Amino acid sequence: QVQLVESGGGLVQPGGSLTLSCAASGIIFSVNDMGWYRQTPGKQRELIATITRGENTNYADSVKGRFTISRDNAKNTVYLQMNSLRPEDTAVYYCNMEANWRDRWGQGTQVTVSS
């Protein structure tokens, strides 16, 4: 059974930084695209960043230039470096991976940007 475990959320002041991590565990044969989503109450889950196995990246306009997605294929881990955080970045952040040819989700981690 493949599981994704997220870490790194928390409370940060506006303008601050956080790094989220998401590691896949279990018997893993293949991991392809990885990504990060976020969701606020009453809204749909929003795709904010993706990275392919070849490390091609794509970002939502709302985070472009502030967030950086990266991956470590040897560790089956994806990261999200978040800089210049704003109150509107407050959300539950979810990682996503195509692992063993199935779509997998992390449990979500809360990021709160507030003074």
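The values are calculated or read from the model by the stated rules, or taken from the named source; none is laboratory data. Because the structure is predicted, anything quoted here is derived from the model rather than measured. Heads up, the Cβs are rebuilt from the backbone with ideal geometry, glycines too, and the neighbour counts pull from every protein chain shown. Accessible surface is based on the protein model in full, side chains and every heavy atom, while ligands, DNA and RNA are left aside. Shrake-Rupley method; radii C 1.70, N 1.55, O 1.52, S 1.80 Å.
Ignoring ligands, DNA and RNA, what percent of the accessible area of the stretch 17-115 is carbon or sulfur (1.4 Å)? Intermediate values should be presented prior to the final figure.
Working: 2380 of 5210 Å².
Using a 1.4 Å probe with all protein chains present, the stretch 17-115 comes out at 46 percent carbon and sulfur.
At a Förster radius of 30 Å, what calculated FRET efficiency corresponds to the Cβ-Cβ distance of V2 and K64, to the nearest 0.05?
Rounded to the nearest 0.05, the efficiency is 0.50.
Which FRET efficiency value, to the nearest 0.05, is calculated for T40 and R102 with the Förster distance at 30 angstrom and r the Cβ-Cβ distance?
0.65
Return one whole number: the accessible area per residue of the stretch 57-99 in Å², for a 1.4 Å probe.
44 Å²
Against the globular-protein guess of 2.2 N^0.38 Å, express the Cα radius of gyration of the chain as a ratio, rounded to two decimals.
Numbers: Rg = 13.5 Å, N = 115, 2.2 N^0.38 = 13.4 Å.
Here the answer is 1.01, to two decimals.
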